[in-house]
Every structure is written in structure tokens, then in C-alpha cells.
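Right, one structure below, let's go through it.
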Amino acid sequence: MTGYSFLALSGLKLAIQMANETGHTDLANNWQTEYDDYKQAFFKVLAQRADENKGYIPPALDGQNGGYDWGNLLAVVPEPTLDAHDPRVTATLKATQASTPRAS
């Protein structure tokens, strides 16, 4: 699910920051590797699905249509994973504001 991936990256980013600030650089380095690997894999699929949907970030990334817009709106909160001006963020906001709720 899209939102869980955004939240996982946000959580890892904050955990890395806390580990660095408390002198646990070994943990920070391990978690940074996890963050980088997860982000690379997630962003690859995210780009594919957004391209298939005219920039709109779908609620799920498994290629299935439907679902509810919620987690796909977490790209910039609680911790920015995408830039607020990223075209995919803009397309997702426009799509969710212009239509009735999406349900499968």
C-alpha cells in the first residue's frame, strides 16, 4: 500500500536522525542502508504506477485499480518523502479534489 510505504520511509528517516543524535552511528548506518534500498525499490514502482495514471499516485501499487485515497496523500506529511511541488503530488491532489471518493 502506498501510504504504508510513505510512513515507513518517514519513520526510518526519523529513526536515523535520532540514532545519529544519540551517538548510535552503527544503527544509523544500518538503517540508512535500509532506507536507501527501500526508497529505491518504492520509487521505482511509484514512478511506474504514477506514469500509468497520468501522474496520479494510486492508493495501491500492485496495479489493481480502486481503493481509497488516503495513504497516497501522505507523500508530504508527516515527513516529506516527495517535494510538495512534485508533479505527482499535484496530480494526486487535483484528482482527489475533482472526483467522488474512489472505491474498488
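The values are calculated or read from the model by the stated rules, or taken from the named source; none is laboratory data. As the structure is a prediction and not an experimental result, all values here were calculated from the model. Don't worry about glycine lacking a Cβ; one is built from the backbone with ideal geometry, like all the others, and counts go over all protein chains shown. For the accessible areas, the whole protein counts, side chains as well, though only heavy atoms, and no ligand, DNA or RNA atoms are used. Shrake-Rupley method; radii C 1.70, N 1.55, O 1.52, S 1.80 Å.
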Revision key, fill the gap. Every listed condition ((1) of a type in the set (Gly, Ala, Ser); (2) at pLDDT 95 or above; (3) within 19 Å of Ala8 (Cβ to Cβ)) holds for Gly55 save (3)
Point to revise | Test: residue in the range 91-104 that is open to solvent by 30 Å² or more (accessible area, probe 1.4 Å) and within 13 Å of the chain's Cα centre (by Cα) | key: no
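Could you tell me which of the residues Arg49, Arg88 is of a type outside the set (Val, Ile, Thr), at pLDDT 95 or above and touching a Ser or Thr at 6+ places or on another chain (Cβ under 9 Å)?
Result: Arg49 is the single residue among Arg49, Arg88 that is of a type outside the set (Val, Ile, Thr), at pLDDT 95 or above and touching a Ser or Thr at 6+ places or on another chain (Cβ under 9 Å).
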Check your understanding: Filter the range 26-38 for residues that are free of Cβ contacts under 8 Å to residues at least 24 places away in the same chain and open to solvent by 80 Å² or more (accessible area, probe 1.4 Å); which is farthest from the chain's Cα centre (by Cα)?
Key -> Asp26
Exercise for review: Output the residues belonging to the range 78-90 that are crowded, with 17+ Cβ neighbours inside 10 Å and in a loop (DSSP other than H, G, I, E, B).
Suggested key: Thr81, Leu82, Asp86
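With respect to Ala28, determine if the residue is closer than 15 Å to Lys13 by Cα and touching a Leu at 6+ places or on another chain (Cβ under 6 Å).
Working: closer than 15 Å to Lys13 by Cα: yes; touching a Leu at 6+ places or on another chain (Cβ under 6 Å): no.
Here the answer is no, as Ala28 does not meet what is asked.
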Review point. Could you say whether any residue in the range 68-77 is open to solvent by 30 Å² or more (accessible area, probe 1.4 Å), farther than 15 Å from Met1 by Cα and assigned to a loop (DSSP other than H, G, I, E, B)?
Key: yes
Review point. Cβ-Cβ below 7 Å, separation at least six or inter-chain, first residue in the range 50-79 and without any contact (Cβ under 8 Å) to a residue 24 or more places away in the chain, second outside any loop (DSSP other than H, G, I, E, B) and surrounded by fewer than 16 Cβ atoms within 10 Å (Cβ to Cβ): which pairs?
Key: none
Exercise for review: Provide a single number: the residues in the range 9-25 that are open to solvent by 70 Å² or more (accessible area, probe 1.4 Å) and touching an Asp or Glu at 6+ places or on another chain (Cβ under 7 Å).
Suggested key: 2
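Please work out which residue is most open to solvent (accessible area, probe 1.4 Å), limiting yourself to the range 39-67 and to residues that are assigned to a helix (DSSP H, G or I) and within 18 Å of Ser99 (Cβ to Cβ).
Glu52
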